[in-house]
Amino acid sequence: MLKKGDLIILGFAIILIAASFIGVSIYKSSGENARKIAVIIKDNQEIKRIDIDAVSEPMEITVLGEYNDIVLVEKGRIRFKEADCPDKVCVNTGWLTEKGDMAVCLPNKTMIKIEGQSDDVDIVTY
Amino acid sequence: MNKVKKTILLGVFVSQALILSIIESWIPIPAPVPGVKLGLANIITIITIMFFGFREAISVVFVRCVLSSIFGGGGWMLFLFSISGGVLSTVVMSVLYKSGRNKFSITGISIAGAIAHNIGQILVAAFFMKDLAVAVVLPVLLVSGSIMGFFVGLVSGFLEGALRRTRIFD
């Protein structure tokens with residue numbers, strides 16, 4: 001059932017999968033030990049930037065638009081809690097906890113992602 | 001095959017593809033990333049490529065995406081999202097199918113189509129979100145897409161045999 005050309009497809013698939021795994025792990029491990037900064041972006045504009053490790057009380061952020069999303073932030077994690085878009089892909093993504101984690105609501109063009117911010121000191125003055 | 005019969009068969013294909021994508025949306029898939037799905041509607045795309053050709057398959061995919069966006073909601077963004085994956089995978093599968101069935105099995109063609117579908121969607125998402133970081137879901141999507149592509153290819157092979165025996169395409 002397997003034919004010669006299938007091996008080419010399979011080889012291509014394995015190379016793609018391996019390359020994407022390597023790329024993502026490099027991306028996630030860059031800037032380790034950094035602070036976790038969650039960024040909420042709507043229509044390609046940053047509307048909020050939160051240091052989620054520094055959040056003590058859970059809080060909700062409402063993003064209004066064509067559809068409405070409610071973002072829930074707790075210590076060390078963030079998620080889409082509710083959305084009135086039809087597909088609910090963003091809500092089903094669940095909690096984001098690590099750098100590189102991301103949830104997207106395409107109908108509303110809203111995205112949350114966790115970025116790292118280096119703890120390194122830029123300038124010290126006396 | 002006369003024109004009326006062809007139109008009717010393609011219409012039936014569109015409705016089958018729509019039903020499959022509705023049934024698929026009822027099946028919850030536990031996945032750590034968004035965008036993982038079964039891709040059952042791809043069975044119809046493959047069958048259309050086999051029995052008709054590239055132009056007809058693209059038409060079926062286009063009409064299916066338009067109708068599922070109207071019925072399912074989500075507006076322009078979700079439409080562009082589904083059409084991008086659909087068109088890219090149809091192009092890839094048609095090219096592979098035309099280049100010779102003795103070189104590629106239906107399963108192989110289906111896997112290639114699933115991978116093309118995932119890549120097309122990520123490209124569109126990255127374009128609209130203006131952020132390549134959406135590609136972090138690609139590893140999981142490629143693995144699940146390849147697995148589902150395999151099964152969709154198997155089913156399409158069985159369906160092809162059954163349909164050939166009915167002789168409705170003669």
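Per-residue Karplus couplings for the stretch B:152-166, computed as 6.51 cos²θ - 1.76 cosθ + 1.60 with θ equal to phi - 60°, are listed in order as 4, x, 4, 4, 4, x, 4, 5, 4, x, 4, 5, 5, 5, 6 Hz, Gly and Pro entered as x. This ranking places B:R64, A:R35 by how few other beta-carbon atoms lie within 10 Å of each, fewest first, which gives A:R35, B:R64. Residue separation of A:E57 and A:R35 scaled by 0.36 nm, minus their Cα-Cα distance, works out to 6.1 nm of gained length. What is the stretch B:29-85 by shape, rounded, prolate or oblate, if you read a ≥ b ≥ c off the alpha carbon gyration tensor as root eigenvalues and call it rounded for a/c under 1.5, prolate for a/b larger than b/c, and oblate otherwise? In terms of gyration-tensor shape, oblate. The A:E82 and B:V66 beta-carbon pair, evaluated with R₀ = 35 Å, returns a calculated FRET efficiency of approximately 0.75. Amide H contacts of A:V55: A:G76, each under 5 Å away and 5 or more positions distant or on a separate chain (H built 1.01 Å from N in the peptide plane; Pro and chain starts excluded). The Cβ shell under 14 Å around B:E24 holds other residues with a net charge of +1, Lys and Arg each +1, Asp and Glu each -1. What shape does the stretch A:34-117 have by the C-alpha gyration tensor, where a ≥ b ≥ c are the square roots of the eigenvalues, rounded means a/c under 1.5, and otherwise prolate means a/b greater than b/c and oblate the rest? Since a/c reaches 1.5 and a/b is larger than b/c, the shape of the stretch A:34-117 is classed as prolate. The angle separating the long axis of helix A:4-29 from the principal Cα axis of greatest extent in chain A is about 20 degrees.
Taking the empirical scaling 2.2 N^0.38 Å for compact globular proteins as reference, the protein assembly as shown has a Cα radius of gyration ratio of 1.13.
Expressed in units of 2.2 N^0.38 Å, where N is the residue count, the Cα radius of gyration of chain B is 1.02.
Step through the table entries A:K28/B:K98; A:K42/B:K98; A:K4/A:K88; A:K3/A:K113; A:K113/B:K98; A:K28/A:K81, compare each Cα-Cα distance with 31 Å, and write down the pairs that go over it. Violating the 31 Å limit, Cα to Cα: A:K28/B:K98; A:K42/B:K98; A:K4/A:K88; A:K3/A:K113; A:K113/B:K98. The angle separating the long axis of helix B:54-72 from the principal Cα axis of greatest extent in chain B is about 50 degrees. Kindly identify the stretch B:89-170 as rounded, prolate or oblate by the Cα gyration tensor criterion: order the square roots of the eigenvalues as a ≥ b ≥ c, call it rounded if a/c is under 1.5, otherwise compare a/b with b/c, prolate if a/b is larger, else oblate. Because a/c hits 1.5 or more and a/b exceeds b/c, the stretch B:89-170 counts as prolate. Cys residues of chain A that find no other Cys beta carbon under 4.7 Å: A:C85.
In the elastic network of chain B, a GNM with C-alpha springs shorter than 10 Å, the most mobile of B:T45, B:T107, B:T90 is B:T107. Peptides A:77-90, B:14-27, A:57-70 ranked from most to least packed give A:77-90, B:14-27, A:57-70, packing being the mean of other C-beta atoms within 10 angstrom over each peptide's residues.
Angle of helix B:42-51 to the longest C-alpha principal axis of chain B, folded into 0 to 90 degrees and rounded to 10: 30°.
Helix content alone sets the calculated 222 nm mean residue ellipticity of chain B: runs of n ≥ 4 DSSP H residues at -39500 (n - 2.57) each, divided across all residues, give -26500 deg cm²/dmol. Comparing mean-square fluctuations of A:K109, A:K42, A:K99 from a GNM of chain A with C-alpha springs under 10 Å, the top value falls on A:K109.
Bear in mind that the values in this text are calculations on the coordinates, not laboratory data. Predicted model only: the values in this text are computed from it and were never measured. Quick reminder, even Gly has a Cβ in these numbers, built from the backbone with ideal geometry, and neighbours come from all protein chains shown.
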